[in-house]
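Single-structure report; data block below.
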Amino acid sequence: GEDVKPFTPEKAKELVMSLQQPAVFCNMAGDWPALHWNTKYLSVVLDGKTIQFRLGLKTVDLVPQFETKCSYVEATLAEFLAWSCGQPPCLSGPFSRYEYSKYWAYADYKYIARIFEDKPEIFQDIRWSDFGFPGRSGKESTLWIGSEGANTPCHLDSYGCNLVLQVQGRKRWHLFPPGDTSFLYPTRIPYEESSVFSKVNVANPDLKHFPEFRNATAHVVTLSPGQVLLVPRHWWHYVESIDPITVSINSWIELDADREARVEEAITRMLVCAVKSAENPSDGGLWLNPTEVEATSHEINLQYLNEAVSAYFRCQKAGVPRQAHPSSAAAEQRTSASRKRKKREVGRKPGDHRSLNQELGFSTLQAEKLQEIPFGPHLIQVLPESQETSLMGAAAVESDGSDLLRENEGGHFGKLHCTRKQLVTSNNYGTPAHQTGTDGSPNASQTALSTNDLLDCLVNPRVISLVARLLLERTRV
């Protein structure tokens, strides 16, 4: 008989659209043909087709290993497998300059619609319809193949929420709530549309230069084959492959809140391109992520901004009901309230009955919905790192894992990355911008404010959110 899923598509979609914290779905994808997509199978299907791999050093530094710091090779999956197993063919192939013991390789952001364009029947191996999204398949999904140590720098996605199916090997996810944004020192350099990076290497944080990171709360989970991770909107995530070879598949689910996010991203692109394009190239190094083809002109960026604003008001006029996902500002307020609550709890008397939900700004209805979420063996909370995350008999859990300026694939938007260029640069993120003299005053000769320092403030997510609201109010009038 056919396997019975723990959640109906309708219930699964309700959970995906209402959960405001990461969670792992178990026993929802056991019958998906995509679970057979290990690297050996994919190598046969691709039949010698080359794909691009990003290579980084396994050594752990104090600064993130951004994509601008990596090397790139075009290789077949057979060559990747030979390299990862230390077989002789790799000695003369594209990986010949990269010793496996020192490097990791990652084929990331590979849109299935592109790499399997001549095999459209394979799209049906991925069944997001089980999560309440009929018609969404591999055509709207992305493939990730990595070796041990392959990682994605800590970042948040500006658009949508994220569903990630683990196929082969395990990946460890470090997730941080939207309210921790200021503790993660957000930056838009390297610039990539729809991705806000953290200046902190969360795997080896430099607390001297980023002391506020101590206040961040990591939610850690190891995702095992067959499990599906939900990354809610605007949750930061750092992802690392912890087995010799990993394969995962994800799909970004669009949300109503993306309408305003597109305006914010258009503003950000306009400002970053204007400021960085005016900078002497010798002063700053490469600032575009390899996922971005080129710096678009001011005229094009202004056109995108107007299109984003127009789309926002068209949806408002059409009366599209808003989903229940909170804004980043609201989430940050709740996190701040939570920190204050922790300080007060020590002195709280037994008679103080003000509820936690009230303090965090939840309505009674929202609190009831939270209590109704069926956490258990089929839906596992990704808990803060200080608490144990148990899979209740399953393999240990931890979590892997965007569009006005991106191409639309099959009617659904995605975090679509353009053809990568082989770029290598070194951004000096570890150097403090301000140094003081012996009297504690800024030392003029050492106060080396850079363009990037200015942009970190100018396009900070909180600033851009305020600018977008002011701009929409102006346009409304």
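None of the figures in this text is laboratory data; all of them are computed from the coordinates on show. This structure is a prediction, so every number in the text was calculated from the model and none was measured. Reconstructed Cβ throughout: ideal geometry from the backbone, glycine too, with neighbour counts over all protein chains shown.
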Task: Residues of region 231-253 with amide N under 19 Å of a point placed 7 Å along Cα→Cβ from Asn204 - done: 238-243
Open item on the list: Tell me whether region 9-255 comes out rounded, prolate or oblate; compute the Cα gyration tensor, take square roots of the eigenvalues as a ≥ b ≥ c, and use a/c under 1.5 as the rounded threshold.
Closed with: oblate
TODO: Let me know the charge dipole size of region 9-255 about its Cα centre in debye, to the nearest 20, where only the beta-carbon of Lys, Arg (+1) and Asp, Glu (-1) is charged.
DONE: 380 debye
- [ ] Just name one of Ala318, Cys273, Leu305: the one whose Cα is farthest towards the positive end of the charge dipole of region 263-318 (beta-carbon charges, Lys/Arg +1, Asp/Glu -1).
- [x] Ala318
Task: FRET efficiency estimate (nearest 0.05) - Cβ-Cβ, Lys317 to Leu57, R0 56 angstrom - done: 0.60
- [ ] Please give the residues of region 89-130, grouped as numeric ranges, whose backbone N is less than 13 Å from a label point set 7 Å along the Cα-to-Cβ vector of Lys49.
- [x] 110-123
Open item on the list: What do you get for trypsin sites (Lys or Arg not before Pro) in region 1-87 restricted to DSSP loop and a cutoff of at most 13 other Cβ within 10 Å of the site's Cβ?
Closed with: Lys49
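Where the eigenvalues come from the Cα gyration tensor of region 263-318, what are the semi-axes √(5λ) of the equivalent ellipsoid, largest first, in whole Å?
On the way: eigenvalues 156, 22, 13 Å².
Over the Cα atoms of region 263-318, the semi-axes work out to 28, 10, 8 Å.
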- [ ] Filter the cross-link list Lys69/Lys276; Lys11/Lys40; Lys13/Lys119; Lys276/Lys317; Lys110/Lys317; Lys13/Lys49 down to pairs whose alpha-carbon distance in this structure exceeds 26 Å.
- [x] Lys11/Lys40; Lys13/Lys119; Lys276/Lys317; Lys110/Lys317; Lys13/Lys49
- [ ] Show the residues, 5+ positions off or on another chain, whose built amide H is closer than 5 Å to the amide H of Trp236.
- [x] Phe176
- [ ] Please compute the net charge surrounding Leu305, taking Lys and Arg as +1 and Asp and Glu as -1 over other residues with Cβ under 12 Å from its Cβ.
- [x] -2
TODO: Would you mind getting me the FRET efficiency between Glu121 and Arg214? Use the beta-carbon distance for r and R0 = 56 Å, nearest 0.05.
DONE: 0.65
- [ ] Mind giving me the nanometre distance, one decimal, between the label points for Arg462 and Lys40, set 7 Å out from Cα along Cα→Cβ?
- [x] 5.3 nm
